[in-house]
Structures are given as C-alpha cells and as structure tokens.
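The values are calculated or read from the model by the stated rules, or taken from the named source; none is laboratory data. Here the structure is a predicted model, which means the values were calculated and not measured. So basically every Cβ, Gly included, is an ideal-geometry build from the backbone, and we count neighbours across all protein chains shown. Heads up: the accessible areas ignore ligands, DNA and RNA and are worked out on the full protein's heavy atoms, side chains in. Shrake-Rupley method; radii C 1.70, N 1.55, O 1.52, S 1.80 Å.
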Amino acid sequence: MKTLSKLLLICTFTSSAITSADDFEGLFSLSLQELINLEVTTVSKRKESISEAPGVISVITAEDIKNYGATSLKDVLLRLPNFFIFDSSTFKASGAMLRAGATQHLNNHVLYLINGSPLRESQNGGLHTDINLLFPIDIIERIEVIRGPGSVLYGSNAYSGTVNLITKDSQEDFSGKISSQNGTNSFGAHSVSISSSYNEYINLQITANTLKNSGDSYSAFDEDGNTGSQTTAQDGDSFFINLNIHDFSLTSLHNDIRTPAASGKFLWTNEADFLIKRQFYDLGYKTQLTQNWLLSANIISNEKERNVIGPGTGSSLYESNGRVYTLEISGELTDEIKIISGVVQDIVKGDLNLLGGPYETQRQALYGQLDYQSNENLKITTGFQVNKAEDHDPDLSPRLAMVYKYADNWTLKAMHAKAFRSPYGSELFFDSVFLLGDTQLKPETIQTNEVQAIYADDKIALNLTAYHSIAKDLIEREFVNGANVFTNDSGKVYYKGIEAEWNWQLIPSLRFQGNASYQQNEDENNTQDIMVAANEMVKFGLVYKANARMLVGAWNSYIGSANKLEDIPDSSTIIVNPEARSVNLLSINISSDLGYLFNSDKLKDFNVSIYANNILDSDVWYPELGRKIVNTYPQTHTQGIYGTVSYEF
C-alpha cells in the first residue's frame with residue numbers, strides 16, 4: 001500500500017508540474033449542454049436527445065472511460081447509479097444488482113445489448129462473466145443505460161434496466177490501435193484493433209484481445225463450515241467484428257474465459273474451473289422503403305458452452321443454442337407522430353446433458369410504440385408488447401410517458417411501464433440433487449412509475465429521479481430437502497427510491513461528476529429490506545485536464561452495507577463469513593501521450609496511462625445469492641496498479 005501511494009503521489013505531482021498555460025477551451029470533447037443533448041437510440045430505437053427520451057437514461061462515453069480508467073467493463077459499469085456487479089461461489093462477475101432487483105447470482109434482471117441486439121443465452125438468460133471481464137472497452141463509443149423497464153421494445157430481461165454497448169464506427173479509410181495493459185498479480189490484457197471505411201457504404205471494425213491474470217487469493221467458510229481458499233485467476237481471449245455493407249450488417253463476438261469456481265453446492269471439495277465459450281452473431285438488414293419509412297430484420301444467435309472441469313466434481317458440459325428472429329418497421333405518420341412496430345420469434349434451446357438433457361421452448365412477441373410531439377415543449381409516448389411464452393397465456397406489457405420542457409433549462413419526465421422476464425433452460429429443466437427446475441414457472445413481472453426532473457446550463461447538468469415498482473411472480477430459489485428448487489414467489493415486492501446524477505464544470509480544466517441513490521423495499525407483510533442489496537450508494541469522480549494531452553482522474557464508489565440473507569423470514573442461512581459492510585472503492589487514473597511528455601511530435605500517437613484501483617485496500621463481501629446457505633462471499637476487488645501503453649495508427 002505504501003509503495004502504491006508513493007507512486008500515485010509522484011505521478012500526480014508530475015502532472016501538475018508540467019501543466020502549461022495552454023488555452024483550456026475544448027479540453028472536454030462535449031460541453032455539459034452538449035452532453036444533455038447527446039443523441040441516444042436505446043430508449044425508443046431511434047435518435048433523440050437524453051432530455052427528450054421517454055426514459056431514465058445514463059450515458060458513459062468513451063471519454064469517460066479514458067478519463068477514469070479501467071481494466072474491464074465491470075470497472076466501468078460499477079460507476080452507474082444504483083448498480084453493483086457481484087460474484088458468487090459459482091459465477092464470477094455475473095450478478096447484476098440494479099435498483100435492488102437481483103434475486104439470483106446471475107444477471108437475471110438487467111438486459112445487455114450489443115449495438116441494440118440482446119445477449120440472452122438459453123440456459124440462464126444472463127451469464128455475463130465473459131462480457132464483464134473480457135469485452136474490449138477500447139471499441140466502445142458509448143454505453144447507454146436505461147434504469148427501469150424496457151420490455152416494450154426489448155422483451156425478456158429488460159426488467160430493472162437495459163445496458164446497450166454501442167461500438168465505434170470507422171471514420172477513416174484505415175486506422176488501428178495496439179494496446180498492452182500490465183499490472184498486479186501478473187495481470188496482462190493485450191488488444192489489437194483495426195477499422196476501415198470505404199465511401200459511405202462499407203465500414204469494418206475488427207478487434208482481438210487476450211486476458212491473463214493469476215489473481216489474488218481469498219478465503220471463506222463453505223456450507224459445511226470448512227474454510228478454504230481459491231484464487232481470482234482469469235484466462236481468456238475475445239474476437240469482435242462489426243461489418244456494414246450497404247444495407248447489411250454483421251456483428252460477431254467470440255469469447256473464451258476460464259475462471260475458478262465451486263460447482264453445485266458451495267463446498268471446497270467441489271472446487272472446479274469454469275470454461276465459458278460464447279459465440280454471438282447478429283445478421284441485420286435495413287432498407288429505406290420510402291423517405292420516411294424504414295424496414296429492418298435481424299437474425300440473432302446466442303450460443304454458449306459452459307464446461308465444468310474438475311477435479312472436485314468431475315467434468316460436465318452445458319450448451320445453449322438460442323435464436324432470435326425480428327422484423328421491424330419504423331417511420332413517421334406525420335411530422336408530429338412517429339411509430340415503431342415489430343414481431344419477435346425467440347427460440348430457447350440447449351442441452352443440460354446429464355442434469356436435464358436437451359430442451360427447447362419458444363416465445364413470440366408483438367410490440368409497438370407511438371411518439372406524439374404535441375408541441376415544441378410536450379411529447380407523449382405510448383407503447384406495448386404482447387408476449388406469449390409456451391404453455392402460458394399471452395401477457396401485455398404497456399408503456400406511457402410524458403416529456404415536458406417547461407423552461408429553457410428544465411425538463412420534466414413522468415413514466416409508467418411494465419416489464420417481464422421469462423424463465424430459461426436451467427430454471428425450467430434442471431434436474432439434479434442440488435438444483436431442480438420447474439416446467440410450470442411463469443414469467444416474472446414488474447410495474448414501475450417514475451418521475452424525473454432535469455436541469456442543465458453551461459456550468460452544471462443534473463437530474464433527480466423518484467421511482468416506485470411492484471414486482472410479482474419473482475423467480476427465486478427455495479431450499480427444499482437439501483436442494484435449491486426454482487419457484488415463483490406467491491407474494492409481491494415493493495420498491496421505492498430516489499436517484500441523483502450530476503456533472504459540474506468547476507473550471508474549464510476540472511469537471512466533477514457523480515451520482516447518489518437511496519432505495520427501500522418490502523414485501524406484502526411490510527417486512528423491510530426483503531431484497532439483499534445496499535440501501536444507499538454514492539459515486540463520484542473528478543477529472544483534471546492539464547491540457548488537451550494530459551489528464552488525472554479519480555473516482556470513488558461508496559457502496560452501503562448490503563441487507564442480510566439471515567434477516568429474511570424463514571431463512572436457513574448460516575453466519576460463517578464477515579458481514580457485507582459498506583466499502584469505498586477508490587481509483588486513480590493518469591494518462592498522457594508520450595509526444596507531450598518528451599516534447600516530440602514523433603511520439604504523439606503513443607499513449608501511456610497508470611490506473612490504480614481499490615487504493616484503500618477495502619475487503620469486499622456480498623451476500624451469497626447462489627444457494628443462500630452461507631451469509632456472504634468474498635468479492636473480486638483486488639488492490640492493484642496497472643500500466644498501459646497504446647499506439648494509434
């Protein structure tokens with residue numbers, strides 16, 4: 001810790017010492033007014049500004065990622081309001097808690113998209129270890145995040161929120177980047193990216209990256225009360241391609257990652273490695289039917305293999321082979337009325353092998369949305385999705401929103417929407433001594449009311465959101481006769497909270513941004529904090545730009561104490577590990593190009609950075625949401641320092 005502190009102090013002093021008297025204008029690529037008017041596409045599947053979009057939306061830009069640094073997508077997403085990514089004994093960096101919505105140790109309530117297309121594998125719906133740890137963050141143009149329901153346009157899993165990873169398009173005939181990041185615990189992440197465009201019709205982006213990390217070691221008590229230890233090792237590689245030719249597009253992502261785990265019951269005798277292989281394909285076609293009407297079609301393939309490699313449990317293989325077919329039309333009825341409508345065929349298919357065998361089920365959906373611009377200050381949005389899961393009656397998810405600009409700097413939003421999540425292969429068909437599925441599971445639903453006020457001027461942009469949600473038929477794991485059994489909870493859960501975001505230009509070279517949230521939840525019996533999540537989070541960062549070529553950024557995420565599994569009524573949780581106490585996760589990032597540091601134009605395309613995370617060396621524990629037998633599980637937030645060298649051409 002002392003060595004780390006000294007190094008950061010030296011770097012910070014150096015950045016201050018070389019500050020010049022350059023003009024500070026334009027140090028940030030977007031002003032605060034431009035940020036609030038930044039065009040987004042996720043909320044309505046068409047371009048509109050953040051202030052006009054009929055949803056609660058946050059945006060992380062490529063500049064934000066560069067300012068504050070990161071080793072993975074997980075580091076970046078942890079800065080979002082009311083959001084936390086967590087590990088379980090089985091899956092690393094796959095649980096996602098947004099607005100206290102997680103009920104399992106997988107990401108079952110936050111839908112991930114790549115350029116607007118869903119990442120939903122058939123077995124679990126949201127196993128995102130590889131995405132959170134491997135996805136190449138250098139190719140991200142921006143991340144658009146909807147907090148709240150998104151099922152009207154995106155269907156299952158867009159329950160508590162939606163995360164859309166939007167990648168960069170090539171703006172030049174040919175360009176590329178080579179990057180190498182190395183650091184603590186033999187961490188090494190290396191990537192090569194090239195992009196090219198030919199006239200306005202052909203655009204290509206290719207990225208390959210590798211990750212190898214020997215990891216830190218942690219210890220914990222298992223379900224039998226035995227103590228053991230394991231490393232947080234990671235070993236993986238990824239290949240991404242995005243190709244656009246005239247009206248056709250192809251997005252492809254291939255990930256392989258290996259992480260340690262405990263398979264099945266959390267027992268150290270069940271120690272194993274998980275090898276996760278993902279193959280994602282999205283073949284798209286768009287054509288302009290008329291000047292105002294666009295037709296699009298997509299075939300999306302989500303394939304995944306999860307291989308459990310002993311010695312503790314022997315080996316087993318789980319396969320997902322899902323397909324999604326979409327057909328969509330969008331356009332303008334008049335200057336004031338815009339609509340979008342589509343149909344979806346979702347095939348959930350895979351093989352649980354010895355623990356359930358092959359399975360297949362199908363879902364269909366019909367959706368539509370209408371935006372009516374009543375006048376220059378008022379927009380009304382209404383929409384719906386009718387989804388039909390196999391062996392269940394159709395279910396309607398509606399949406400209604402109003403966006404009102406009542407002054408030059410003020411915008412008010414009021415929204416109501418319903419979202420759903422259908423069960424997946426494991427929940428329906430798993431059959432083992434430690435986990436049992438139920439083919440009669442119903443989709444879980446949530447209804448949310450939200451209001452948001454937005455203010456923006458040249459110096460500050462801020463918003464305040466209040467929400468209230470009612471969830472029912474939650475798919476949970478109930479401990480019965482030594483096995484976890486998937487069930488629909490017969491009661492309802494009520495959520496309410498407030499969220500604030502701000503971006504403040506203190507001086508031309510210094511920007512202060514962050515967010516704060518507070519949430520409460522209860523069941524029908526008025527039992528408080530029935531969902532195991534932190535009630536409060538405060539996250540904020542400062543970035544100082546000495547000039548256009550050097551910056552220092554610092555970010556701190558305060559995560560409040562998580563509610564306890566053992567306090568839930570009828571809990572069988574044993575208290576053997578430390579509580580999930582509040583933590584501060586502080587990081588610092590220093591970045592510059594070598595041309596500036598050495599006063600040489602020949603080196604201006606080389607960039608160097610030093611990123612240090614968990615500077616306070618906080619021990620992080622979180623409730624174990626896998627089987628909910630032990631109270632907590634240690635989280636992967638190793639203190640570390642990482643140096644990056646990149647070359648752009």
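Counting only residues that are in a helix (DSSP H, G or I) and either of a type in the set (A, V, I, L, M, F, W, C) or open to solvent by 10 Å² or more (accessible area, probe 1.4 Å) (or both), which one in region 100-143 is nearest to Ser89 (Cα to Cα)? Once the filter is applied, the top-ranked residue is Leu133. Candidates are the residues of region 362-389 that are closer than 17 Å to Thr334 by Cα and hydroxyl-bearing (Ser, Thr, Tyr); the one that is surrounded by the fewest Cβ atoms within 10 Å (Cβ to Cβ) is Ser374. The residues in region 215-237 that are out of contact with any helix residue (DSSP H, G or I) (no Cβ under 8 Å at 6 or more places or on another chain), open to solvent by 60 Å² or more (accessible area, probe 1.4 Å) and outside any strand (DSSP E or B) can be counted, and the count is 2. Candidates are the residues of region 567-593 that are of a type in the set (Asp, Glu) and touching a strand residue (DSSP E or B) at 6+ places or on another chain (Cβ under 8 Å); the one that is nearest to Asn67 (Cα to Cα) is Asp593.
Could we say that Asp570 is on the phi > 0 side of the Ramachandran plot, outside any strand (DSSP E or B) and at pLDDT 95 or above here? Spelling it out, it is not the case that Asp570 is on the phi > 0 side of the Ramachandran plot, outside any strand (DSSP E or B) and at pLDDT 95 or above. Take region 318-361 and flag every residue that is free of Cβ contacts under 8 Å to residues at least 60 places away in the same chain, in a strand (DSSP E or B) and open to solvent by 60 Å² or more (accessible area, probe 1.4 Å). Listed by number, the residues that qualify are Arg323, Tyr325, Leu327, Ile329, Glu332, Val343, Pro358, Glu360. Within region 590-619, the set of residues being out of contact with any Leu (no Cβ under 8 Å at 6 or more places or on another chain), modelled with pLDDT of 95 or more and outside any loop (DSSP other than H, G, I, E, B) comprises Ser609, Tyr611. Only one of the listed residues (Lys277, Lys286) is open to solvent by 10 Å² or more (accessible area, probe 1.4 Å), at pLDDT 95 or above and in contact with a His (Cβ under 9 Å, 6 or more places away or on another chain). That residue is Lys277. Considering only residues of region 593-619 that are over 24 Å from Gly514 (Cβ atoms) and small (Gly, Ala, Ser), which is least open to solvent (accessible area, probe 1.4 Å)? Ranking the candidates gives Gly595 first.
For region 392-408, filtering for residues that are open to solvent by 60 Å² or more (accessible area, probe 1.4 Å) and either touching a residue at least 40 places away in the same chain (Cβ under 8 Å) or part of a strand (DSSP E or B) (or both) leaves 6. On the basis of being aromatic (Phe, Trp, Tyr) and surrounded by fewer than 19 Cβ atoms within 10 Å (Cβ to Cβ), does Phe266 make the cut? Judged against the criteria, Phe266 is not a match.
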